[in-house]
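Just so it is clear, none of the values below were taken in a lab; they were calculated from the coordinates. In this text, all values refer to a predicted model and were calculated from it rather than measured experimentally. Using ideal geometry, Cβ is built from the backbone for each residue, glycine included, and neighbour counts are taken over all protein chains shown.
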Amino acid sequence: MKYDTVIIGAGMSGLSAGVRLAYYEKKVCILERHTTIGGLNSFYRLRKRNYDVGLHAITNYAEPGTKQGPLSKLLRQLRMTWEDFDLRPQLRSSIVFPDCRLHFTNQFSVFVDQVAAAFPSQIDGFRRLVQRIAEHDALNLDRQVVSARQVVSEYIRDPLLVDMIFCPLMFYGSATPRDMDFSQFVIMFKSIFHEGFGRPFEGIRLILKKLVRHFRSLGGDLRLRAGVREISHTNGRATSVTLDDGTEIEADNILSSAGAAETLRMISPGSPPVKAEPGDISFVESISVLDCAPADLGHRDTIVFYSDSPAFHYERPSEPVDLRSGIICSPNNFDYSEPLEDGRIRITALANPHHWMNLPDDQYVAEKDRWNDRIIDSAVKHIPEFRSHVIDTDVFTPRTIRRFTGHLNGCVYGAPEKFVNGQTPLSNLFLCGTDQGFLGIVGAMLSGITIANRHLLK
């Protein structure tokens, strides 16, 4: 069978691209190596409880009916409704460094007031930075890479405020150690501070199932357990993909959400050489199920981004886990009209992927348990002690991320060098998702749509 477009990967970007193409009556097939959809933002059931794999929050929150912004654009492009996402806003989040705490909500003015109160000498420069952000076209697919730290330092002189701004943005969207591309900084700044966080009451499974149902209703073909082994090409054009089981599928175009390095390794010999090094920013996450809501223990923040050192360190750690900083997410602390079934605390910290990938199987579980205890030790400096209320636990590592996504090194945000325009050495093979450069759940979905619009719906 031959398709107009074959899409590699049934994550957020691949599914969204599939919906967009199928809406315009393109013959589309999405191929997914795993038994379930979602990639990093997937879900699973363990010991009779539902878990989200990667979801802390959905950025770019907007109130239902909003006409402007990324979420509104996304829904229009997919022909979906606000009810399909059913997002509930955060209550309040915090950035916590030694001797300084900044709160923020989905009202940007709250964050501006916090900066003015904590850093009065920097507020004028901060306001000028906000104006620079508003004027910057971060969605230009032909943009040049510029250091965000270099740009921000032109406006803000206090290194503590610089690090406190970068901390949540890098944790939620940087593949680059110690820095970000300024366009990516702008995207993340707007998505977190201007627009803010929301979460579907039923978790990520709600959105994924709606996307799949929509895609199939438009005539799209989704195949699970269908990993791509090789991309064949002739005269600079991709012609077909070969699956792990040897099945060959022909297509006029191929769109891959598998990552740049991962996709280029699939191309059969003879294509023009293009270098794509995988990233190595990865995480370990501890998930604790409680017999009460975190608010019952006095913890009401939705997300806490913390650093226990005055300077924020964001790079692959030499230790298995970097305990100097992390993210504490409490899914219960969104503005729900009814409580969640269980209390949850999710704690995320930077990890050394090489340590976790190379562990012998008989040591892996014990190492997860050991570092889970240490991660929680670090987190309870910033939230109430909750361990006596834990009734179940799970931990995922870079090895888990590699299994769910296929990303080399378990790199959550892909390679530092992005393929912003989606083009590869083959004229009809395109990239979307993390290595195209729009990150976050809404960003990933817009990535698939943007590349489909630009290259496949001409």
Rough spin-label spacing in nm, given labels placed 7 Å along Cα→Cβ, for Ile391 and Val274: 5.1
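Is there a quick way to get the dipole size of segment 280-412? I mean about its Cα centre, with the Cβ of Lys and Arg at +1 and of Asp and Glu at -1; what is the value in debye to the nearest 20?
Values: 13 positive and 22 negative charges, 83 e Å.
Here the size comes out at about 400 debye.
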For segment 62-133, run through the chymotrypsin sites (Phe, Trp or Tyr not before Pro) and keep only the ones in DSSP coil with at most 16 other Cβ atoms within 10 Å of their Cβ. none
Say a paramagnetic label sat at a point 7 Å from the Cα of Asp4, along Cα to Cβ; which residues of segment 414-447 have their backbone N under 13 Å from it? none
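May I ask you to sort Ser330, Ser307, Ser121 by Cβ crowding, counting other Cβ atoms within 10 Å and putting the fewest first?
Values: Ser330 27, Ser307 21, Ser121 9.
With the sparsest Cβ surroundings first, the list reads Ser121, Ser307, Ser330.
Could you work out the percent of alpha carbon pairs in segment 91-196 separated by over 24 Å, rounded to a whole number? Could you put the intermediate results ahead of the total?
Working: 881 of 5565 pairs.
It works out to 16 percent of all Cα pairs.
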Report Rg (one decimal) and Dmax (nearest whole number) for segment 355-458, counting Cα atoms only, units Å. 19.2, 58
With 27 Å as the limit, write out which pairs from Lys209/Lys418; Lys48/Lys190; Lys73/Lys209; Lys48/Lys381 have Cα-Cα distances beyond it, or answer none. Lys209/Lys418; Lys48/Lys190; Lys48/Lys381
Starting from segment 204-268, pick out the trypsin sites (Lys or Arg not before Pro) whose DSSP state is loop and whose Cβ has at most 14 other Cβ atoms within 10 Å. Arg225
Checked against the positive end of the charge dipole of segment 91-196 (+1 on Cβ of Lys and Arg, -1 on Cβ of Asp and Glu, about the Cα centre), the farthest of Gln122, Ile187, Ala138 is Gln122
Segment 206-328, dipole about Cα centre (Lys/Arg Cβ +1, Asp/Glu Cβ -1), debye to the nearest 20: 520
What net charge is computed for the residues neighbouring Asp181, neighbours being all others with C-beta under 11 Å from the C-beta of Asp181, Lys and Arg scored +1, Asp and Glu -1? +1
At most 15 other C-beta atoms within 10 Å and a DSSP loop state: those are the exposed GluC sites (Glu not before Pro) I care about. Give me the longest piece of the chain that has none. 26-153
Full extension from Glu319 to Lys73: what is 0.36 nm times the residue separation minus their Cα-Cα distance, to one decimal in nm? 84.4 nm
Using the Karplus equation 6.51 cos²θ - 1.76 cosθ + 1.60 (θ = phi - 60°), what ³J(HN,Hα) coupling, rounded to whole Hz, does each residue of segment 176-193 give in order, writing x for Gly and Pro? 9, x, 6, 7, 9, 5, 4, 4, 5, 4, 4, 4, 6, 4, 5, 5, 9, 8
Kindly give Rg over Rh for segment 254-394, based on alpha-carbon atoms, with the Kirkwood expression for the hydrodynamic radius. 1.08
Roughly how many nanometres apart are two label points built 7 Å out from the Cα toward the Cβ at Arg149 and Ser427? 4.2
C-alpha center-to-center spacing [segment 228-276, segment 368-398] in angstrom: 41
Taking the Cβ of each residue in His56, His389, His313 as the centre, tally the other Cβ atoms inside 10 Å and list the residues starting with the fewest. His313, His389, His56
Only four residue types carry charge here, +1 at the Cβ of Lys and Arg and -1 at the Cβ of Asp and Glu. Report the dipole size of the chain about the Cα centre in Debye, rounded to the nearest 20. 1060
With unit charges on the beta carbons (Lys and Arg positive, Asp and Glu negative) and the dipole taken about the Cα centre of the chain, which residue among Ser330, Leu359, Thr66 sits farthest to the positive side? Thr66
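How charged is the neighbourhood of Ala415? Take every other residue with its Cβ under 14 Å from the Cβ of Ala415, and add Lys/Arg as +1 and Asp/Glu as -1.
Details: positive: Arg265, Lys275, Arg316, Lys418; negative: Asp181, Glu262, Glu277, Asp280, Glu417, Asp435.
With Lys, Arg at +1 and Asp, Glu at -1, the neighbours total -2.
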Taking the structure as given and computing semi-axes √(5λ) of the Cα gyration tensor in Å, which label from (1) 64, 20, 17; (2) 34, 25, 22; (3) 37, 28, 20 fits? (2)
